[in-house]
1. If R₀ is 35 angstrom, what is the calculated FRET efficiency for the pair Glu22 and Ile113, using the beta carbon separation as r and rounding to 0.05?
2. For the stretch 4-135, just run the numbers: alpha carbon Rg, then divide by 2.2 N^0.38 Å, N being how many residues it has.
3. Counting only protein heavy atoms and a 1.4 Å probe, tell me what percentage of the chain's accessible area is made up of carbon and sulfur.
4. Taking the mean number of other Cβ atoms within 10 Å as a proxy for protection, how do you rank 101-112, 118-129, 50-61, 23-34 from highest to lowest?
5. Looking at this model, which pairs from Lys56/Lys120; Lys74/Lys109; Lys10/Lys109; Lys65/Lys109; Lys17/Lys74 are more than 27 angstrom apart at the alpha-carbon?
6. With a probe of 1.4 Å, find how much accessible area the chain has per residue, and write the answer as a whole number in Å².
7. Near Lys78, which aspartates and glutamates are there with a Cα under 12 Å away, not counting those fewer than 8 places off in the same chain?
Amino acid sequence: MQCIFCEIVKGSVQSYKIFESENFLAFLDINPRSKGHCLVIPKQHYQSLLEMPEDKIFGLFNVTKHVANKIISKLNAKAFNICINNGKDAGQVIPHLHVHIIPRYGEDKDVAIEAILPVKEELKNKLVEIANILKG
Ligand code: 5GP
Ligand code: ZN
């Protein structure tokens, strides 16, 4: 299977790398939603977070925090969103697990990532029912 992010890991596709370790890579997104928008990926191909072994997940978030700190200090970002789209129905286009880090500069202040989906009023009175399903 041809995977563009695996090609980036191999170096056969060019990217603007900003961090690299033995198991992880961070590079700029080619369609930036803000200055410094980048993607953190495991070098190994996992389709989504659910495929990644538990003991590797710490590393992924550790690198995410490290890169986010760089963005805050070097680009003077005020805040940042992190986002993982898991699966096509969640908007995942590249089927290689990646964490988006989207720096925020106070420009689109009122836009939280969850604002892309409107609040579903009809679910507000089903919270008990849903919590009970998930608790079990
Ligand atoms: P997804 O929707 O799968 O969570 O996001 C995939 C992201 O990868 C998109 O934001 C897209 O701009 C980015 N992307 C797709 N192809 C490439 C590429 O070849 N290089 C880089 N640097 N980013 C890419
Ligand atoms: Zn891949």
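The values are calculated or read from the model by the stated rules, or taken from the named source; none is laboratory data. This is a predicted model, so every value here is computed, not measured. Cβ placement follows ideal geometry from the backbone for every residue including glycine, while neighbour counts extend to all protein chains displayed. Quick note on the areas: whole protein, heavy atoms, side chains included, nothing else; ligands and nucleic acids left out. Shrake-Rupley method; radii C 1.70, N 1.55, O 1.52, S 1.80 Å.
1. 0.70
2. Output field value: 1.18.
3. The C+S portion of the solvent-accessible surface of the chain is 57 percent.
4. Listed from highest to lowest mean packing, they are 23-34, 101-112, 50-61, 118-129.
5. Among Lys56/Lys120; Lys74/Lys109; Lys10/Lys109; Lys65/Lys109; Lys17/Lys74, the Cα-Cα distance tops 27 Å for Lys56/Lys120; Lys10/Lys109.
6. Normalised by residue count, the accessible surface of the chain is 69 Å².
7. Partners within reach: Glu107, Asp108.
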